[in-house]
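A short write-up of the structure that comes next.
The values are calculated or read from the model by the stated rules, or taken from the named source; none is laboratory data. The structure presented is a predicted model; accordingly, all values stated were derived computationally and were not measured. Neighbour counts are summed over all protein chains in view; Cβ atoms, including those assigned to glycine, are modelled from backbone coordinates with ideal geometry. Just the protein is used for accessible areas: all its heavy atoms, side chains included, with ligands, DNA and RNA removed. Shrake-Rupley method; radii C 1.70, N 1.55, O 1.52, S 1.80 Å.
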Amino acid sequence: MQKIVEINGSNLTIEDVVAVARYGAKVKLDEKQKDKILESRKYVEEALSNKMPIYGINTGFGKFENVPISEEELELLQKNLIYSDACGVGEAFDTEVVRAMMLLRANAISKGFSGVMIETIECLLNMLNAGVHPIVRSKGSVGSSGDLCPLAHMVLPMIGEGEAEYKGEILSGKEAMKKAGVSTITLKAKEGLALINGTQAMMGNAVLAVYDAEKLLKQTDIVASLSIDALGGIIDAFDERIHLIRPHKGQIYSAENLRKLLKGSKRTTRQGEKRMQDAYSLRCTPQVHGASRLAFDYVKQTVETEINSVTDNPLIFPGENGACISGGNFHGQPIAIAMDTLGILVSEIANISERRIEKLVNPALSHGLPAFLVKNGGINDGFMIPQYVAAALVSENKVLAHPASVDSIPTSANQEDHVSMGTIGARKARTIVDHAQHVLSIELLCAAQAADFWDAKNLGLGTKEAYRTLREKVDFMENDVIFYPLMDKSFEIIKSAILLANVEKIIGLLK
């Protein structure tokens, strides 16, 4: 039975978002939220009937905040807002990002502080369930006042405009909605602003990046352990006593993972047995991986909080002392800094992985392995060029990891004079995660090839399963072959987290 995700603005998880965005889970609105949504909408309508001036409801937007809007033009104001803000450029976001945006926006306004009609939320949910995916251009948001530009592209098909993908075909928004049997809506006062004034474009990217990065951090220990095993690494460096006296949680967990993965290995050595110390890329694995884990904890907590936050403006607080208050929850700075941090911590995972790849392929560093992990070097290049690819990816990551959040360009004639650039940071972070997955998949190929030059039967309990998982898809490379299909298979093992699932079945859950 397919999972159904129920939204109420308070309980949505990262896993829920991924289930809907990536795996097509259905969505429904919690019936208990309808009264709150109606109460919020009632406040808006009463304020309008009382001629109360409220930003973005019966006034213009941004620098036009003091321009009053007549009652006859209220719906035109909302429609024009969507028209004018749908000016994105660049490639369209992946479908899974768009689905995440739609779900997250619906969840935020379902909390009951945005003053929208229930039909508006249900339109978004019906589109998700029917598979109508707006074409959302990926560039054009400065990350406050919310993700105005990409979210406006998301809204266009809701009002029968723009473009959308339906069953693999890109259609006009109107035609896509008609074919899917989803009714379009007319935006009432406040609704256009409520739909686009939020952080959901950066968050669509952020949630998917965080989900993939969490899987990657555990798999990083698995792949590193196979490299350590294949290189006859010194196990003493992971002794619990070392890590307990520098008690960073991430470091302790990573070292514990390595001990579990390498348990029973006949390949690992003790200090002084063959050499006194390993290179940092092996010996300092827990310290480097652990630092990224610590930073990731902060990133994940920030994203989890934002998933169930209200981020539009102005906000409606109905009730006896009701109020409509203009604030700044649309500002993406919390996510901007978190996404820059995610980019940095994942870049470092890829950096040290590439150094382990170099140790495996370089005969001056690999402790007896053949040059570039191939028997007949010269006529064969072996794993020479995959290391180039890893080097290119980590170098590109270093450019991408430059923080976006430290930049700001004033907009709206200096009314919006500090912006977050959070959507840029989130897009970059997602790309960095993809690059790191590729680098780890190259290391996995190299480490398994190296293990075969000794005897894979001598690997540890966890490393043997990692080796077996790869060998189900990729054979030992006797002579040069067209390489990219092997890399694609290894990449899929990492991206899908099959490696993690298989290894944990053997040794138990990793920390």
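Observations, loosely collected:
- Residues of the chain were split at every exposed loop site, defined as GluC sites (Glu not before Pro) in a DSSP loop with at most 15 other C-beta atoms within 10 angstrom, and the longest piece left, sites excluded, is 66-272.
- Percent of Cα-Cα distances greater than 15 Å, calculated over segment 224-276: 44 percent
- Mean separation of Cα contacts under 8 Å (6+ apart) over length of the chain, as relative contact order %: 17 percent
- Residue-level accessible surface for Cys284, protein heavy atoms, 1.4 Å, Å²: 40 Å²
- Contour excess over end-to-end distance, with Cα ends at Cys87 and Asn50 and 0.36 nm allotted per residue: 9.9 nm
- Ellipsoid equivalent to segment 358-447 - semi-axes via the Cα gyration tensor, in Å: 43, 10, 9
- Here's how it looks for Asp312: its modeled amide H is under 5 Å from none belonging to a residue 5 or more places away or on a different chain.
- Spin-label model, Thr59/Asp455: points 7 Å from Cα along the beta carbon direction are separated by 8.0 nm.
- Largest-first ordering by accessible area, 1.4 Å probe, given options Thr341, Thr423: Thr341, Thr423
- Vicinal HN-Hα couplings computed from phi for segment 211-224 (Karplus, 6.51 cos²θ - 1.76 cosθ + 1.60; Hz; Gly/Pro x): 4, 5, 5, 5, 5, 5, 4, 6, 5, 4, 5, 5, 5, 4
- Rg ratio (alpha-carbon, reference 2.2 N^0.38 Å) - segment 91-187: 1.00
- Between amide H atoms placed 1.01 Å from N, distances below 5 Å from Glu416 occur with Thr411, all of them 5 or more places distant or on a separate chain.
- Stokes-Einstein translational diffusion, segment 390-511 - Kirkwood Rh over all Cα pairs, 0.692 mPa s, 37 °C, in µm²/s: 192 µm²/s
- The order of His331, His243, His367 by accessible area, most exposed first and with a 1.4 Å probe, is His367, His331, His243.
- Normalised by residue number, the volume inside the convex hull of the Cα atoms of segment 162-237 is 156 Å³ per residue.
- Under Karplus coefficients 6.51, -1.76 and 1.60, residue-wise ³J(HN,Hα) of segment 296-307 in Hz, glycine/proline x: 5, 4, 5, 4, 4, 4, 5, 5, 4, 5, 5, 4
- Full extension of the chain between Ile379 and Leu294 yields a length gain of 26.1 nm, computed as 0.36 nm times the residue separation minus the alpha carbon distance.
- When segment 193-346 is reduced to its Cα atoms, the Kirkwood hydrodynamic radius in Å: 18.2 Å
- Looking at segment 248-304, the trypsin sites (Lys or Arg not before Pro) that sit in a DSSP loop and have at most 15 other Cβ atoms within 10 Å of their own Cβ are Lys263, Lys266, Arg270, Lys274, Arg275.
- On the beta carbon distance between Asp30 and Lys266, with R0 = 51 Å, the FRET formula returns roughly 0.35.
- Using the average count of surrounding beta-carbon atoms within 10 Å as a protection proxy, the listed peptides 226-237, 450-461 rank, highest first, as 226-237, 450-461.
- Column: log10 I(q)/I(0), Debye, Cα scatterers of the chain, q = 0.08 Å⁻¹: -0.57
- With the Kirkwood sum run over all distinct C-alpha pairs, segment 1-127 has a hydrodynamic radius of 16.4 Å.
- For the pair Met276 and His248 in one chain, pulling the backbone fully straight at 0.36 nm per residue adds 7.6 nm over the alpha carbon distance.
- Across segment 367-510, Cα pairs under 8 Å and at least six residues apart give a relative contact order of 25 percent.
- Neighbour-limited loop hits for trypsin sites (Lys or Arg not before Pro), segment 20-64 (at most 15 other Cβ within 10 Å; DSSP other than H, G, I, E, B): Lys51
- Surface composition of the chain: carbon plus sulfur atoms hold 53% of the accessible area, using a 1.4 angstrom probe and ignoring ligands, DNA and RNA.
- Checked against a 31 Å cut-off, the cross-linked pairs Lys36/Lys215; Lys218/Lys457; Lys266/Lys359; Lys188/Lys428 give Cα-Cα distances beyond that limit for Lys36/Lys215; Lys188/Lys428.
- Whole-number percent relative contact order across segment 1-113, with pairs defined as alpha carbons under 8 Å at least 6 apart: 40 percent
- Secondary structure note: in the chain, about 70% of the DSSP beta bridges are antiparallel.
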